[in-house]
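The values are calculated or read from the model by the stated rules, or taken from the named source; none is laboratory data. Since the model is a prediction, treat every value here as computed from it, not as a measurement. A quick note on method: Cβ atoms are made from the backbone with ideal geometry, for glycine too, and the neighbour counts reach across all protein chains shown.
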Amino acid sequence: MDKLNAKKIRADFPILKQKINGEQLIYLDSAATSQMPVSVEEKIRRFNETSRANVHRGVHTLGVKATKLYEKSRQKVADFIGASSAKEVIFTSGCTDSLNLVAASFGEQNIQAGDEIVVSIMEHHSNLLPWQQLAKRKKAQLKFIEISKDGRLDLNGLKNKISSKTKLVALTHVSNVLGTINPIKEVIALAHEKGAIALIDGAQAVGHFPVNVTDLGADFYAFSGHKMFAPTGIGVLYGKRELLDKMLPYRLGGEMIANVTRDGATWAEVPQKFEAGTPNISGAIGLAAAIDYLNSIDLQLVKEHETELTAYVLEKLSKISGLTIYGPKESYERTGVISFNLKGIHPHDLATALDLDGIEVRAGHHCAQPLMESLETESTVRASLSIYNNKNDIDKLTSSLQEAKEFFSEFR
């Protein structure tokens, strides 16, 4: 059975060679931002050294080269996520920007007083606040899908929440706190049965396992580049062409017009209609390079590696008394996002103790405060895995947690 070449992959990420507080770096914060392989850095450097120019309209050689690279990157994204056309791919500054675009354009045009917007309690604030504020402005109703004690979506509750008044269902593909992989295809089908539009936050999904937006039936699908080995500041909004064509622009300015007079303007076709101003050209090229990198590994192998490693960390952490793990207990139901608390130790203190051992994790509410309230905690420690992690990293995490537990017990 084929497996990832872990040694080769780690060599692709030079940052992992450094030491933190005198200890070998163990990076367990990829859910916030993944590291970037050398091949992506080199692709961006080559663009800046040989083809740096603004895109579209320019007729000089560098402008033409830059435009070809930029639009080639768009096609690569479309192929990677199974979009039917590159015109359905809009480059944004990130997943947050993509979600706000849908709220500010589709939402403003289509949500009216008395309509319903359905979200889950596990949403990142980026997929909650735009709908919360839109509902208030429009006098619409925001409805929440709850979760079970083990972090699964309440599908029976979902069926009861979606009604003929529901105009939009906005749901995360994978929880950034619980790691739960939601049954997106089933949810989208339920939304469509009621005539609702389905928007999916794929920030924690794309790059971890194969995602095909056409097969899923998603109307909108959003994700960020910096969580899948690409630079920061680049994201994607996929939208069905028939929806995008009807939507008004999110921002106004250069690039996104067909014609401007003293009295008015007409808009360019999608995707340019939604890409006002100079885009993040090098970011888009870097995103395409990250896709090349993932394709060279094989996403199925990525998924299998992370599932195996997730099972290992769940097993190891479950043996630490006083430690609570949030989310599904089975590795196949989740990704390598593991949130936990150790009794008697504040998450920030625990994260600081781990950092002293060179282990980088995240602590806080993870931009999901309603979920924290549902979990009856204010914050958690979150370790998140990627392809460059291995069992040795998990062993070191486990031993450091045990040491921290013993250290803090002396002060109780």
ask   = When residue 45 is evaluated against the numbered criteria (1) touching a Gly at 6+ places or on another chain (Cβ under 7 Å); (2) within 30 Å of residue 358 (Cβ to Cβ); (3) without any contact (Cβ under 8 Å) to a residue 60 or more places away in the chain, which criterion, by number, is the only one it fails?
value = (1)
key: Number of the condition not met by residue 151 [criteria: (1) touching a strand residue (DSSP E or B) at 6+ places or on another chain (Cβ under 6 Å); (2) crowded, with 24+ Cβ neighbours inside 10 Å]   = (2)
remark   = For segment 73-110, the count of residues that are acidic (Asp, Glu) and crowded, with 18+ Cβ neighbours inside 10 Å equals 2
task = Can you confirm whether segment 86-104 contains a residue that is charged (D, E, K, R) and more than 22 Å from the chain's Cα centre (by Cα)?
result = no
remark   = Among (1) at negative phi; (2) assigned by TED's automatic domain parsing to the domain that holds residue 205; (3) touching a His at 6+ places or on another chain (Cβ under 7 Å), residue 306 falls short only on (2)
query = Got at least one residue in segment 209-224 being in the same structural domain as residue 103 (by TED's automatic domain parsing), part of a helix (DSSP H, G or I), buried (at least 22 other Cβ atoms within 10 Å of the Cβ) and in contact (Cβ under 8 Å) with a residue 40 or more places away in the chain?
reply = yes
ask   = So which residues in segment 254-299 are touching a strand residue (DSSP E or B) at 6+ places or on another chain (Cβ under 8 Å), polar (S, T, N, Q) and outside any loop (DSSP other than H, G, I, E, B), if there are any at all?
value = 259, 266
task = Quick one: in segment 225-277, of everything that is charged (D, E, K, R) and in contact with a helix residue (DSSP H, G or I) (Cβ under 7 Å, 6 or more places away or on another chain), which residue is farthest from residue 83 (Cα to Cα)?
result = 255
query = Of the residues that sit in segment 125-148 and are among the polar types (S, T, N, Q) and in a helix (DSSP H, G or I), which one is surrounded by the fewest Cβ atoms within 10 Å (Cβ to Cβ)?
reply = 133
Boolean, residue 198 is touching a Phe, Trp or Tyr at 6+ places or on another chain (Cβ under 8 Å), assigned to a strand (DSSP E or B) and crowded, with 17+ Cβ neighbours inside 10 Å = yes
query = Of all residues in segment 1-25, how many are more than 20 Å from residue 307 (Cβ to Cβ) and touching a residue at least 24 places away in the same chain (Cβ under 8 Å)?
reply = 11
request  = Report yes if some residue within segment 56-64 is under 27 Å from the mean Cα position of the chain (by Cα) and at pLDDT 95 or above; otherwise report no.
outcome  = no
key: Enumeration of residues in segment 293-338 that are of a type in the set (Asp, Glu) and surrounded by fewer than 16 Cβ atoms within 10 Å (Cβ to Cβ)   = 298, 308, 315, 330
query = Taking only pairs six or more apart or across chains, which ones have beta-carbon atoms under 6 Å, a first residue in segment 300-325 that is hydroxyl-bearing (Ser, Thr, Tyr), and a second residue that is at pLDDT 95 or above and surrounded by fewer than 19 Cβ atoms within 10 Å (Cβ to Cβ)?
reply = 312/391
ask   = Is one or more of the residues making up segment 22-43 among the small types (Gly, Ala, Ser), modelled with pLDDT of 95 or more, surrounded by fewer than 13 Cβ atoms within 10 Å (Cβ to Cβ) and outside any strand (DSSP E or B)?
value = yes
ask   = If you take the residues of segment 165-184 that are part of a loop (DSSP other than H, G, I, E, B) and not hydroxyl-bearing (Ser, Thr, Tyr), which of them is farthest from residue 212 (Cα to Cα)?
value = 165
request  = Please list, ordered by first then second residue, the pairs with beta carbon atoms under 8 Å, 6 or more apart or interchain, first in segment 125-139 and outside the structural domain of residue 102 (by TED's automatic domain parsing) and closer than 17 Å to residue 197 by Cα, second at pLDDT below 95 and among the acidic types (Asp, Glu).
outcome  = none
remark   = Every listed condition ((1) at pLDDT 95 or above; (2) over 16 Å from the mean Cα position of the chain (by Cα)) holds for residue 206 save (2)
